[in-house]
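These notes are about the structure you will find just below.
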Amino acid sequence: MDNASTLLDVKEYPDTEVQKNRVLTLEEWQEKWVDHKIAFHQEQGHQLLKKHLDTFLKGENDLRVFFPLCGKAVEMKWFADRGHRVVGVEISELAIREFFTEQNLSYSEECITETPGAKVFKSSSGNISLYCCNLFDLPRVNIGKFDRIWDRGALVAINPGDRKRYADLMLSLTRKGFHYLLAVLSYDPTKHPGPPFYVPDAEIEKLFGSTCNIHCLEKVDVFEEQHQSWGIDYLVEKLYLLTEK
């Protein structure tokens, strides 16, 4: 037990700049889906989200929930099944189609005139809308504001140089009284280039601290055998709740 608690108190890695120039193109992300290199997808959904769902939803009904870089996250159906309205954005059309197919949901698709090449896929029930485009093209599409944002695999996937722009976009999409749930990973960034990228506490403070209260709900050891191939020897997931100041 001592080992586990020591691990979770692991100090922030001192050199937070080590990954700052890493860049993945949108094409590289699309290729990951085509080649089925999607170890980041969690078929059973995210266990920490499940555990803290009540804290996140606060018993409220008919919320608008945003999933940045949604992939085919099964949690989108969790929220829709509870009566909430879900909007996601994802660059891979394949991921979006797989989501609807795997969740057994019929859907329609339409092109978005404001953004050439962009499409929106909507469940027939109307409570899930997934936009296939570059996340940063979203401001041109009038998607409205959100009560909740579930950010798992998004901030940690954005190129480090785009984080400020990303955080500003996320905050611009929030409604008054929002809850923003953020999952990040801690490991030795000199041993693994990312993604997922290492996002230290100080970075979260820098990006969101001026407008949000930041509360760490939980830290868990998520190191598994597959992570040895990354060259790292520890991996800690941290779940933060960001609320309006």
Filtered residues of the range 132-166 (kept if open to solvent by 40 Å² or more (accessible area, probe 1.4 Å), touching a residue at least 40 places away in the same chain (Cβ under 8 Å) and closer than 25 Å to residue 176 by Cβ): 145, 152, 164
Scanning the range 23-38 for residues that are in a loop (DSSP other than H, G, I, E, B) and open to solvent by 80 Å² or more (accessible area, probe 1.4 Å), the one farthest from residue 95 (Cα to Cα) turns out to be 23
Please work out if residue 129 is among the polar types (S, T, N, Q), surrounded by 16 or more Cβ atoms within 10 Å (Cβ to Cβ), in contact with a Leu (Cβ under 7 Å, 6 or more places away or on another chain) and in contact (Cβ under 8 Å) with a residue 40 or more places away in the chain. no
List the number of the failed condition for residue 225; all other conditions in (1) charged (D, E, K, R); (2) more than 30 Å from residue 60 (Cα to Cα); (3) under 15 Å from the mean Cα position of the chain (by Cα) hold. (3)
Per-region count, the range 39-49, residues open to solvent by less than 50 Å² (accessible area, probe 1.4 Å) and closer than 22 Å to residue 230 by Cα: 2
Identify, from the list 130, 155, the residue that is assigned to a loop (DSSP other than H, G, I, E, B) and touching a helix residue (DSSP H, G or I) at 6+ places or on another chain (Cβ under 9 Å). 155
Any chance residue 242 is buried (at least 17 other Cβ atoms within 10 Å of the Cβ) and either modelled with pLDDT under 95 or in contact with a helix residue (DSSP H, G or I) (Cβ under 9 Å, 6 or more places away or on another chain) (or both): yes
Evaluation of residue 151 against (1) of a type outside the set (A, V, I, L, M, F, W, C); (2) farther than 22 Å from residue 204 by Cβ; (3) at pLDDT 95 or above (one fails), failing number: (2)
Every residue from the range 50-97 that is open to solvent by less than 40 Å² (accessible area, probe 1.4 Å), closer than 19 Å to residue 40 by Cα and either without any contact (Cβ under 8 Å) to a residue 12 or more places away in the chain or part of a helix (DSSP H, G or I) (or both): 75, 76, 95, 96
Taking the range 189-233, which residues are in contact with an Asp or Glu (Cβ under 9 Å, 6 or more places away or on another chain), of a type outside the set (S, T, N, Q), surrounded by fewer than 15 Cβ atoms within 10 Å (Cβ to Cβ) and part of a loop (DSSP other than H, G, I, E, B)? 191, 231, 233
Only residues that are outside any loop (DSSP other than H, G, I, E, B) and within 28 Å of residue 82 (Cβ to Cβ): list them for the range 103-127, please. 107, 108, 109, 110, 119, 120, 121, 122, 123
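The values are calculated or read from the model by the stated rules, or taken from the named source; none is laboratory data. Keep in mind the model is a prediction, meaning the values are calculated, not measured. In this analysis, Cβ positions are derived from the backbone assuming ideal geometry, glycine residues included, and neighbour counts consider all displayed protein chains. Note: areas computed on protein heavy atoms with side chains; ligands, DNA, RNA excluded. Shrake-Rupley method; radii C 1.70, N 1.55, O 1.52, S 1.80 Å.
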